[in-house]
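Undergrad: Take a look at this one; I'll ask things after.
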Amino acid sequence: MIRLRHIYKSYRMGSMAVPVLKDINLHVRPQEFLSILGPSGSGKTTLMNIIGCLDVPDEGEYLLDGQPVESCGEDELAEIRGKKIGFIFQQFHLLPDATAYENVEMPLLYHKIPAAERKARVEETLERVGLADRMTHKPAQLSGGQQQRVAIARVLAARPSIILADEPTGNLDSGSGREIMDIIRGLWQAGNTIVLITHDIHVANEAQRKVYVRDGVLSDREEDI
Ligand SMILES: Nc1ncnc2c1ncn2[C@@H]1O[C@H](COP(=O)(O)OP(=O)(O)OP(=O)(O)O)[C@@H](O)[C@H]1O
Ligand SMILES: [Mg+2]
């Protein structure tokens, strides 16, 4: 499903190239729940952006469902992202003036889903994250955990098969973080592939498998890096 081979990525700072990912090899199987652990600045978000087709590597091969991503143009990448991948971030990125309902509906309008199906999907996903009674609330009228649940409902409404979560509990207290992790585990049990990025070992331990990044190098074993 997700297969990275010999991936390199550096950022250009003036005339210098700063290497960030160095020879990353990673295979994520369908319906696997993987966590990627690593300290701040180790390259986790850079790696997630590549897995999520938000960025492209300088070198190496990325096969997503057998398709080489390097050969895709911008439009194709946007289509892959829209259809296959859902992103959950530390920041909720909700529209402040829109209700929970409208926030979840937004990508469905963009994808031109017909009105009746749109309504069904928005209500179903908000119910699934436990917010049936908060649909007309705006983000400022919701707790942090509830805002993250709206962001997750918005992802689910588009029905992605792969969910990429970058520090999804990073802005939350432990109780709300627990609720979000329960929802993420539920998505995995329902058949989604989950890649969870974190620097918190307790969060990472919820996954089936852990890999570690340090200074842009990936390893299956913590002691190797
Ligand atoms: N757009 C950019 N331009 C230049 N350097 C960048 C850019 N984005 C990231 N970097 C550098 O790449 C390295 C890895 O960054 P990245 O955001 O992937 O780390 P991270 O593991 O996600 O860290 P954190 O846990 O703090 O989120 C850092 O040293 C960072 O300074
Ligand atoms: Mg990061």
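Undergrad: Consider ARG149 carefully, then state whether it is at pLDDT 95 or above and more than 30 Å from SER35 (Cα to Cα). Full working, then the answer.
TA: On the way: at pLDDT 95 or above: yes; more than 30 Å from SER35 (Cα to Cα): no.
Considered against the rule, which asks whether it is at pLDDT 95 or above and more than 30 Å from SER35 (Cα to Cα), ARG149 comes out as no.
Undergrad: Can you find a residue in the range 138-157 that is under 21 Å from THR45 (Cβ atoms) and within 16 Å of ligand 2 (Cβ to nearest atom)? Can you show your working first?
TA: First pass over the range 138-157, keeping only residues under 21 Å from THR45 (Cβ atoms): 144, 147-148, 151-152, 154-155.
With within 16 Å of ligand 2 (Cβ to nearest atom) added as a condition, the list becomes none.
Within the range 138-157 (the criterion being under 21 Å from THR45 (Cβ atoms) and within 16 Å of ligand 2 (Cβ to nearest atom)), the answer is no, since none of the residues qualifies.
Undergrad: Additional query: Quick one: in the range 30-42, of everything that is surrounded by fewer than 22 Cβ atoms within 10 Å (Cβ to Cβ) and near ligand 1 (Cβ under 9 Å from one of its atoms), which residue is nearest to HIS202 (Cα to Cα)?
TA: Among those residues, the one meeting the criterion is PRO39.
Undergrad: Looking only at the range 84-117, which residues are surrounded by 13 or more Cβ atoms within 10 Å (Cβ to Cβ) and among the basic types (Lys, Arg)?
TA: Listed by number, the list holds a single entry, LYS84.
Undergrad: State all residues of the range 30-49 that are touching a Lys or Arg at 6+ places or on another chain (Cβ under 9 Å) and more than 13 Å from ligand 2 (Cβ to nearest atom); if no residue qualifies, say none.
TA: GLU32, PHE33, LEU34, SER35
Undergrad: Please count how many residues of the range 57-79 are under 18 Å from PRO30 (Cβ atoms), in contact (Cβ under 8 Å) with a residue 24 or more places away in the chain and surrounded by fewer than 18 Cβ atoms within 10 Å (Cβ to Cβ).
TA: 2
Undergrad: Just name the residue that is farthest from ligand 2 (Cβ to nearest atom) out of those in the range 61-88 that are touching an Asp or Glu at 6+ places or on another chain (Cβ under 8 Å) and over 17 Å from LEU164 (Cβ atoms).
TA: Of all residues in the range 61-88, those touching an Asp or Glu at 6+ places or on another chain (Cβ under 8 Å) come to 61-62, 68, 70, 84, 87-88.
Next cut, over 17 Å from LEU164 (Cβ atoms) only: 61, 68, 70.
Numbers: GLU61: 24, PRO68: 26, GLU70: 23 Å.
The selected residue is PRO68.
Undergrad: What residue, of ILE2, ILE50, ILE88, ILE80, is within 16 Å of ligand 1 (Cβ to nearest atom) and farther than 22 Å from VAL150 by Cα?
TA: Details: ILE2 fails: within 16 Å of ligand 1 (Cβ to nearest atom); ILE88 fails: farther than 22 Å from VAL150 by Cα; ILE80 fails: within 16 Å of ligand 1 (Cβ to nearest atom).
After applying the criteria, what remains is ILE50.
Undergrad: Let me ask something additional. Please tell me if LEU95 is assigned to a loop (DSSP other than H, G, I, E, B) and either modelled with pLDDT of 95 or more or more than 18 Å from the chain's Cα centre (by Cα) (or both). Steps first, answer last, please.
TA: Numbers: assigned to a loop (DSSP other than H, G, I, E, B): yes; either modelled with pLDDT of 95 or more or more than 18 Å from the chain's Cα centre (by Cα) (or both): yes.
Against the criterion (assigned to a loop (DSSP other than H, G, I, E, B) and either modelled with pLDDT of 95 or more or more than 18 Å from the chain's Cα centre (by Cα) (or both)), LEU95 qualifies.
Undergrad: Then there is this: Residues of the range 193-223 being out of contact with any Leu (no Cβ under 9 Å at 6 or more places or on another chain) and more than 10 Å from ligand 1 (Cβ to nearest atom), which ones?
TA: Selection gives HIS202, ASN205, SER219, ASP220, ARG221, GLU223.
Undergrad: Can you pull out the residues in the range 1-29 that are more than 16 Å from ligand 2 (Cβ to nearest atom), of a type in the set (A, V, I, L, M) and crowded, with 16+ Cβ neighbours inside 10 Å?
TA: The answer is MET1, ILE2, LEU4, ILE7, LEU26, VAL28.
Undergrad: Can you tell me which residues in the range 99-117 are touching a residue at least 40 places away in the same chain (Cβ under 8 Å) and in a helix (DSSP H, G or I)? Break it down stepwise before answering.
TA: Keep residues of the range 99-117 that are touching a residue at least 40 places away in the same chain (Cβ under 8 Å), which gives 100, 103-108, 111.
Once the filter is applied, which keeps residues that are touching a residue at least 40 places away in the same chain (Cβ under 8 Å) and in a helix (DSSP H, G or I), the range 99-117 yields ALA100, ASN103, VAL104, GLU105, MET106, PRO107, LEU108.
Undergrad: Counting only residues that are of a type in the set (Val, Ile, Thr), more than 19 Å from SER143 (Cβ to Cβ) and within 16 Å of ligand 2 (Cβ to nearest atom), which one in the range 167-200 is surrounded by the most Cβ atoms within 10 Å (Cβ to Cβ)? Let's see the steps before the verdict.
TA: As a first pass, look at the range 167-200 and keep what is of a type in the set (Val, Ile, Thr): 169, 180, 183-184, 193-195, 197-198.
Now restrict to residues that are more than 19 Å from SER143 (Cβ to Cβ): 193-195, 197-198.
So of that shortlist, the ones also within 16 Å of ligand 2 (Cβ to nearest atom) come out as 195, 197-198.
Details: VAL195: 24, ILE197: 26, THR198: 24.
Checking each candidate, the answer is ILE197.
Undergrad: Looking at the range 36-56, I want the residues that are more than 14 Å from GLN90 (Cβ to Cβ) and of a type in the set (Asp, Glu) and have a partner that is near ligand 2 (Cβ under 9 Å from one of its atoms) and assigned to a helix (DSSP H, G or I) with Cβ atoms under 9 Å, at least 6 apart or on another chain. Which pairs are those?
TA: Going by the 9 Å Cβ cut-off, the qualifying pairs are ASP55/THR46.
The values are calculated or read from the model by the stated rules, or taken from the named source; none is laboratory data. All of these numbers come straight from a predicted model, not from anything done at the bench. Every residue, glycine as well, gets a Cβ built from its backbone with ideal geometry; the counts of neighbours run over all protein chains shown.
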